[in-house]
Amino acid sequence: MTALSYAPGLAPDGPWATYLDQIERVRPYLGHLERWVETLKRPKRCLVVDIPIEMDDGSVSHFEGFRVQHNLSRGPGKGGVRYHPDVTLEEVMALAAWMTIKNAAVNLPYGGAKGGVRCDPARLSMKELERVTRRYTSEIGIVIGPMQDIPAPDVNTNAQVMAWMMDTYSMNVGATATGVVTGKPIALGGSLGRVKATGRGVFVIGREAARRLKLPLEGARVAVQGFGNVGASAAELYAAHGARVVAVQDASGTVFAPQGLDVRALIAHAEANGGVAGCPGADAIDAESFWQVESDVLIPAALEGVLTAERARHLRTKMVLEGANGPTLPEADLILRDRGITVVPDVIANAGGVTVSYFEWVQDFSSFFWTEEEINARLDKILIGAFARIWADAERHAIPLRTAAFVVACERVLSARELRGLYP
Ligand code: NAD
């Protein structure tokens, strides 16, 4: 069976195809475990749900929601929930699969899952958003749970959405179940450090990669696409460590300042104005020019599929540090490799969020909460260790970091698969 013959009807250049291509590149390194590789090319379970809600004007609207559990060989499902007008089942399948790889690459005791609702939260009132969230949670309640599958925030979802999910699930099972979601408010069993954990991880992994590439942090030029939870937190840490954030793009526009942006002021501006556009002290440039800004580190931290082959040919950077999931298309990966531009893959670069989610889940179970210092120290240790292993494997086999990360992860997942055996 060829890589793409499964799931006919899916786009040949969509995110699922990108994921399948990545798996194919790993195959030669799997040894006897290759026997099980087909497991990774099929999601274990896909749930599609209808979410009818009453709108504030009294009308009824239907939204489509998804929860995909890609692989549960190593533990319960784990992965975020995305609210976006472009969410599709295919996208959620790919995001769930990348969670399988990410959780295994970092050695967290989880499988991979992801969820999404096709909606535009900017066009919903808070009450409508709450109704969408509660009905969605009820509908996927048959597959989620603290020991089954644990959602978390992703694009356009946050601690409040997690609080509603936790409450709805708890009401349905008749007991408060804080461990059913992570990324909750602190008052409901959330973890210190969770909000900025993904951005922190992007920074820590970027620093580790830069050190090995002999790229000094001081004065390094950083360009960031996506200035939300991930992009803004990473940019803030880069600026705090002496780097210059020279360009930022979000859905509102693109700002450029070769001398470096004041990231704290930019965050305040984006919060007050709904985006970075119009930020004082920076030039507005058109969206496509962002990809030609000269930088040392480029951080895509918005959506998948943005680094096309065409953009990869013209990129003027030394390192692509993937804050977003799946930002680089397979052809672009090859072009960047040939151009000597290091790509630090999503499955390790943005694993900080799920790692602190894991800490939150552990703290909820033990009802014993750690300090932020303990959390950050444990986070850094896990990420630095995981990255060192991936870097060493990449060097040993002379393969890109993404392939090395996938090899480490696939070996763990497929060993579990083999040891568990086939049921029944
Ligand atoms: P967010 O909703 O907080 O921010 C998304 C940002 O992307 C916003 O600044 C938005 O304006 C920008 N954006 C949206 N469309 C854009 C476009 N067409 N062009 C330019 N910018 C655009 O989301 P987030 O949580 O920061 O997630 C960003 C990425 O990081 C996603 O790929 C997500 O899957 C990934 N990720 C998030 C986490 C997490 O903990 N939040 C963890 C791992 C990976």
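Taking the stated definitions as given, is Glu218 of a type in the set (Asp, Glu) and in contact with a Phe, Trp or Tyr (Cβ under 6 Å, 6 or more places away or on another chain)? Lay out the reasoning, then the answer.
Numbers: of a type in the set (Asp, Glu): yes; in contact with a Phe, Trp or Tyr (Cβ under 6 Å, 6 or more places away or on another chain): no.
It is false that Glu218 is of a type in the set (Asp, Glu) and in contact with a Phe, Trp or Tyr (Cβ under 6 Å, 6 or more places away or on another chain).
So for the range 46-66 (the condition being surrounded by 22 or more Cβ atoms within 10 Å (Cβ to Cβ) and either at pLDDT below 95 or in a loop (DSSP other than H, G, I, E, B) (or both)), does at least one residue qualify?
no
For the range 326-378, give me every one of the helices (runs of 4 or more DSSP H) that falls completely inside it and has 1 or more residues that are away from the ligand (no atom under 16 Å from the Cβ), closer than 13 Å to Thr182 by Cβ and open to solvent by less than 10 Å² (accessible area, probe 1.4 Å). I'd like the intermediate steps shown before the answer.
Numbers: elements: 330-338, 346-349, 352-366.
Correct list: 352-366.
So the check is Cβ under 7 Å with 6+ separation or different chains; which pairs have a first residue in the range 273-302 that's without any contact (Cβ under 8 Å) to a residue 24 or more places away in the chain and a second one that's within 13 Å of the ligand (Cβ to nearest atom)?
Hits for this filter: Gly274/Ser252.
For the structure I just gave you, tell me whether Val195 is closer than 28 Å to Glu271 by Cβ and modelled with pLDDT of 95 or more. Give the steps one after another, and end with the answer.
Details: closer than 28 Å to Glu271 by Cβ: yes; modelled with pLDDT of 95 or more: no.
Spelling it out, it is not the case that Val195 is closer than 28 Å to Glu271 by Cβ and modelled with pLDDT of 95 or more.
Quick check on my filter: what residues within the range 198-216 are of a type in the set (A, V, I, L, M, F, W, C) and within 10 Å of the ligand (Cβ to nearest atom)?
Residues of the range 198-216 of a type in the set (A, V, I, L, M, F, W, C): 202-205, 209-210, 213, 215.
Within the range 198-216, Val202 is the sole residue that qualifies.
Can you find a residue that is outside the structural domain of Ala159 (by TED's automatic domain parsing), touching a residue at least 60 places away in the same chain (Cβ under 8 Å) and under 25 Å from Ala386 (Cα atoms) anywhere in the range 214-221?
Going residue by residue through the range 214-221, those that are outside the structural domain of Ala159 (by TED's automatic domain parsing) are 214-221.
Retained after the next criterion (residues that are touching a residue at least 60 places away in the same chain (Cβ under 8 Å)): 215, 220-221.
Add one more test, that the residue is under 25 Å from Ala386 (Cα atoms), and what stays is 215, 220.
Yes, some residue in the range 214-221 is outside the structural domain of Ala159 (by TED's automatic domain parsing), touching a residue at least 60 places away in the same chain (Cβ under 8 Å) and under 25 Å from Ala386 (Cα atoms).
Name the residue that is surrounded by the most Cβ atoms within 10 Å (Cβ to Cβ), counting only residues in the range 217-252 that are more than 9 Å from the ligand (Cβ to nearest atom) and not hydrophobic (A, V, I, L, M, F, W, C).
Tyr238
Could you tell me whether the range 27-35 includes any residue that is open to solvent by less than 50 Å² (accessible area, probe 1.4 Å) and within 23 Å of the chain's Cα centre (by Cα)?
No, that holds for no residue.
Can you find even one residue in the range 76-92 that is in the same structural domain as Asp120 (by TED's automatic domain parsing), away from the ligand (no atom under 14 Å from the Cβ) and in a strand (DSSP E or B)?
Initially, the range 76-92 is screened for residues in the same structural domain as Asp120 (by TED's automatic domain parsing), giving 76-92.
If we keep only those that are away from the ligand (no atom under 14 Å from the Cβ) too, we end up with 76-77, 88-90.
Keeping just the survivors that are in a strand (DSSP E or B) gives 77.
Yes: the range 76-92 contains one or more residues that are in the same structural domain as Asp120 (by TED's automatic domain parsing), away from the ligand (no atom under 14 Å from the Cβ) and in a strand (DSSP E or B).
Is it the case that Ala272 is of a type outside the set (Lys, Arg), surrounded by 19 or more Cβ atoms within 10 Å (Cβ to Cβ) and more than 22 Å from Arg82 (Cα to Cα)? I'd like the intermediate steps shown before the answer.
Working: of a type outside the set (Lys, Arg): yes; surrounded by 19 or more Cβ atoms within 10 Å (Cβ to Cβ): no; more than 22 Å from Arg82 (Cα to Cα): yes.
No, not satisfied.
Taking the range 243-302, which residues are in a helix (DSSP H, G or I) and among the small types (Gly, Ala, Ser)?
Kept after step one, since they are in a helix (DSSP H, G or I), are these residues of the range 243-302: 263-273, 287-292.
Result: Ala265, Ala268, Ala270, Ala272, Ala287, Ser289.
The values are calculated or read from the model by the stated rules, or taken from the named source; none is laboratory data. All values reported here derive from a predicted model rather than from experimental measurement. Using ideal geometry, Cβ is built from the backbone for each residue, glycine included, and neighbour counts are taken over all protein chains shown. In case anyone asks, the SASA skips ligands and DNA or RNA and just uses the protein heavy atoms, side chains included. Shrake-Rupley method; radii C 1.70, N 1.55, O 1.52, S 1.80 Å.
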